[in-house]
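Below you'll find the structure, written out as structure tokens, and then a few comments.
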Amino acid sequence: MIWDVGFLSTQLLNAVQYSALLFLLSIGLSIIFGLLHFVNLAHGALYMIGAYVGVSVAAMTGSYWAALLLAPLAVTLVGAVIYFALIKRLRDASPLAQVLVTFGLIFVFLDLVRLIWGDIELGLALPQVLAQQVEVFGAPYPVYRLFVIALGVCVMAALTLILSRSQIGAMIRASVENGPMASCLGINVERLFFAVFCVGCALAGLAGVVAAPIFAASTGMGTAILIPALIVVVIGGLGSLEGAIVGSVLVGFIETIGAVFIPAVSSVLVYAMLAGVLVWRPQGLIPARGRS
Amino acid sequence: MFTQTPAKSVILVLFVGALGLYATLGGYYARELAVEIAILAILALSLDFVAGFGAMVSLCHAAIYAIAAYGFAATSVKLGFPAALAMLFGLGAATLFGLLVGAVASNTSGIFFIMATLAFGQMVYVGLFRTSWLGGDDGLAGVPRVDLSALGVDLNGSLAFAILALAVLVVAYAIAAAVLRSSFGRTLSGIHANEARMRAIGVGTRAHKAIAFAISAALAGLAGILAAQHTQYVSPGMAQWLLSGEVLIVVILGGLGTLIGPLVGAAILVLLRHELGAYTDHWHLVIGLVLIAAVFTGGRGVYGEIGHRLRRRAAVPAPGAPHA
């Protein structure tokens, strides 16, 4: 059974799909840390908000596609509010202050979501196209999960192109490497920071609405996913796109494949890997160059 | 640097005295509340010991607390160890774990230290959750309280247990204060202020930090053993990182780096939880907002803020006084 091709391919696809979701979430976290030197523990809460807004939009308009579009926008708006209200003033604060404020935000968002949407889990219905299954190596596989993989790959490709080929990408890389110098060269680093923060929030919202049909929207989803996302960021290296990719794939595969083949130790394996990386390569596997 | 000022001694006596009086005169509910405050206060002061005096902000103190609780519960329930031996085992396990985390994580600093402790804490949480011998997600029930009948004390009485919890709090505070006033503690403060300089004058800073973390873990272990005996039940939820975060909130609300502040913070949090919890299910919202406000108003906490104001008032020269 375990060595059946269909079974194996299903597990591999599950691992890739989980990696894609982790990537959508951790890339925002990573770039925000790399660029702003800011730890946003509330990133998981933004993901949760994305899922809930997605459920509501889909219920109101009857369209999953509208939810896919509007949920990231709504989360970006929330992100912009917390940026101007709190984060901008914490830019030069100690890591402790940043952790505390964003930890406080987790509590605030958690209870706001409970006030608005209640405590029960909410599902999100898929359009006909995505709700089907296809045969992959003889085993049926949900189309929706393939869609999530495709979405992750598209975002990854788009970000790679923007960061490595466009002018704005060059400006971002310059600012990660040496903010004050980039600012001397006429880059409005402050505005760039804000733009990057918004993109990170939008991706967190996207991850949330994408995850909702798979896991259902629940109040615990934000704090549950935050830990794997942080692990991805630390393992991969803060602020680097390649690091986030490698980290997502590592964590996604170890958690998914490990749970199938070595269930006894799989859950501890990821944390052991993180501890190992912190001891041997505290800067992460593929760190962004520069000060950090 | 830590100094046991007269103000701190007075607050400690008033704090323990008030809680003791409240527990004695109040009913069962008051005693439960006093125990809850005492346990959270011990946990918070153990965190303040490393976070406030060694710049090691830990998000795994809930896990350390859970290790001690499980160490005590498993050895006494499953293996039938006598209570004293089981307590030693629980404390030893917590201390050893603290030493390990301290040794590994002292390689890093700032946000990386926080992440490393978070990872170790989660490792414990998941491990407890998955170990069926330890009850898995059901936890272990039927944990006994220590038998002090030889001394004529029955700890199954709520008042006796409340008094014991307060006594342990005083002992924990005394140990922490004594260590911080020793040369070991002064060196720790030096590392906090400037680690590179301490290394330059020949201090093995990593070993020093690891040992400090182990001492803090032993103190957190005291809280864990008390908690296991209080509810007579342990569960993996004790190791959750959100609880570590809550302990950090207590330290911040009370005053980081004051040692006495966390006691005040613990009382505030437990009372807020019970008072607000009576009105609304959403008391976390209030805690979150209070925490954000606390950081933005200087992050000194209740005790630190009062001290700061008093010092500032004292620093203002009296009118007519000659300028220095």
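The values are calculated or read from the model by the stated rules, or taken from the named source; none is laboratory data. On a predicted model such as this, the values are computed, not experimentally measured, just so you know. Because the Cβ atoms are built from the backbone with ideal geometry, glycine has one as well, and the counts that use them run over all protein chains shown. Keep in mind that these areas ignore ligands, DNA and RNA; they rest on the heavy atoms of the full protein, side chains included. Shrake-Rupley method; radii C 1.70, N 1.55, O 1.52, S 1.80 Å.
Couple of notes before you dig in:
- Contact map, the stretch B:277-299: residues that are more than 9 Å from chain A (Cβ to nearest Cβ) paired with residues that are of a type in the set (Ser, Thr, Tyr) and surrounded by fewer than 15 Cβ atoms within 10 Å (Cβ to Cβ), Cβ distance under 9 Å, separation 6+ or inter-chain. No pairs are found.
- When residue B:197 is tested against (1) within 29 Å of residue B:142 (Cα to Cα); (2) open to solvent by 30 Å² or more (accessible area, probe 1.4 Å); (3) in a helix (DSSP H, G or I), only condition (1) is not met.
Condition check ((1) over 27 Å from residue B:301 (Cβ atoms); (2) within 20 Å of the chain's Cα centre (by Cα); (3) open to solvent by 30 Å² or more (accessible area, probe 1.4 Å)) across all residues:
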| position | (1), (2), (3) |
| --- | --- |
| A:9 | yes, no, no |
| A:26 | yes, yes, no |
| A:30 | yes, yes, no |
| A:39 | no, yes, no |
| A:44 | no, yes, no |
| A:78 | yes, yes, yes |
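- Each residue in the stretch B:69-78 was checked for being at pLDDT 95 or above and surrounded by fewer than 24 Cβ atoms within 10 Å (Cβ to Cβ), and 0 pass.
- Flag for residue B:202 being assigned to a helix (DSSP H, G or I), out of contact with any helix residue (DSSP H, G or I) (no Cβ under 6 Å at 6 or more places or on another chain) and more than 20 Å from residue B:114 (Cβ to Cβ): no
- The stretch A:230-247, subset touching a Phe, Trp or Tyr at 6+ places or on another chain (Cβ under 8 Å) and of a type in the set (Gly, Ala, Ser), residue farthest from the other protein chains (Cβ to nearest Cβ): A:244
- Residue within the stretch A:274-284 that is open to solvent by 10 Å² or more (accessible area, probe 1.4 Å), outside any loop (DSSP other than H, G, I, E, B) and within 28 Å of residue A:104 (Cβ to Cβ) present: yes
- Test result for residue B:131, closer than 28 Å to residue A:235 by Cα, surrounded by fewer than 21 Cβ atoms within 10 Å (Cβ to Cβ) and among the polar types (S, T, N, Q): yes
- Residues that are more than 7 Å from every other protein chain (Cβ to nearest Cβ) and either under 22 Å from the mean Cα position of the chain (by Cα) or of a type in the set (A, V, I, L, M) (or both), drawn from the stretch B:119-140: B:121, B:124, B:125, B:128, B:134, B:140
- Qualifying residue in the stretch B:56-70 (condition: farther than 25 Å from residue B:267 by Cα and more than 14 Å from chain A (Cβ to nearest Cβ)): yes
- When B:23, B:55, B:66 are checked against the criterion of being within 24 Å of residue B:218 (Cβ to Cβ) and crowded, with 24+ Cβ neighbours inside 10 Å, a single residue qualifies: B:66.
- Counting only helices (runs of 4 or more DSSP H) that fall entirely inside the stretch A:87-180 and contain at least 2 residues that are in contact with an Asp or Glu (Cβ under 9 Å, 6 or more places away or on another chain) and within 14 Å of chain B (Cβ to nearest Cβ), the qualifying elements are A:95-117.
- Top-ranked residue of the stretch B:201-258 - restricted to ones that are within 14 Å of chain A (Cβ to nearest Cβ) and charged (D, E, K, R), ranked as most open to solvent (accessible area, probe 1.4 Å): B:206
- Yes/no for residue B:261 being open to solvent by less than 40 Å² (accessible area, probe 1.4 Å), farther than 14 Å from residue B:60 by Cα, of a type in the set (Gly, Ala, Ser) and free of Cβ contacts under 8 Å to residues at least 60 places away in the same chain: no
- Here residue A:204 does not fit the description of being within 14 Å of another protein chain (Cβ to nearest Cβ) and in contact (Cβ under 8 Å) with a residue 40 or more places away in the chain.
- Of the helices (runs of 4 or more DSSP H) that lie entirely inside the stretch B:57-162, those containing 2 or more residues that are in contact with a strand residue (DSSP E or B) (Cβ under 7 Å, 6 or more places away or on another chain) span B:61-73.
- First in the stretch A:262-275 and under 25 Å from residue B:107 (Cβ atoms), second anywhere and among the acidic types (Asp, Glu) and buried (at least 18 other Cβ atoms within 10 Å of the Cβ), Cβ under 7 Å, 6 or more apart: A:270/A:255
- Pairs are defined by a Cβ separation below 6 Å, a sequence spacing of at least 6 or placement on different chains, a first member in the stretch A:95-123 that is of a type in the set (D, E, K, R), and a second member that is in a helix (DSSP H, G or I); the pairs so defined are A:111/B:284; A:111/B:285.
- Applying a threshold of 8 Å to beta carbon distances and a minimum spacing of six or more residues, or different chains, the list of pairs starting in the stretch B:97-111 at a residue that is facing chain A (nearest Cβ under 7 Å) and farther than 15 Å from residue B:121 by Cα and ending at one that is small (Gly, Ala, Ser) and crowded, with 23+ Cβ neighbours inside 10 Å reads B:108/B:116.
- Residue among A:242, A:255 that is in contact (Cβ under 8 Å) with a residue 24 or more places away in the chain and more than 24 Å from residue B:245 (Cβ to Cβ): A:242
- Set B:243, B:259, B:248: member being modelled with pLDDT of 90 or more and either among the charged types (D, E, K, R) or at positive phi (or both): B:259
- Of A:257, A:245, A:231, A:235, all but one fail to be surrounded by fewer than 18 Cβ atoms within 10 Å (Cβ to Cβ), assigned to a helix (DSSP H, G or I) and modelled with pLDDT of 85 or more; the exception is A:257.
- Test set (1) touching a residue at least 24 places away in the same chain (Cβ under 8 Å); (2) touching a Phe, Trp or Tyr at 6+ places or on another chain (Cβ under 7 Å); (3) over 22 Å from residue A:101 (Cα atoms) - residue B:70 fails condition number: (2)
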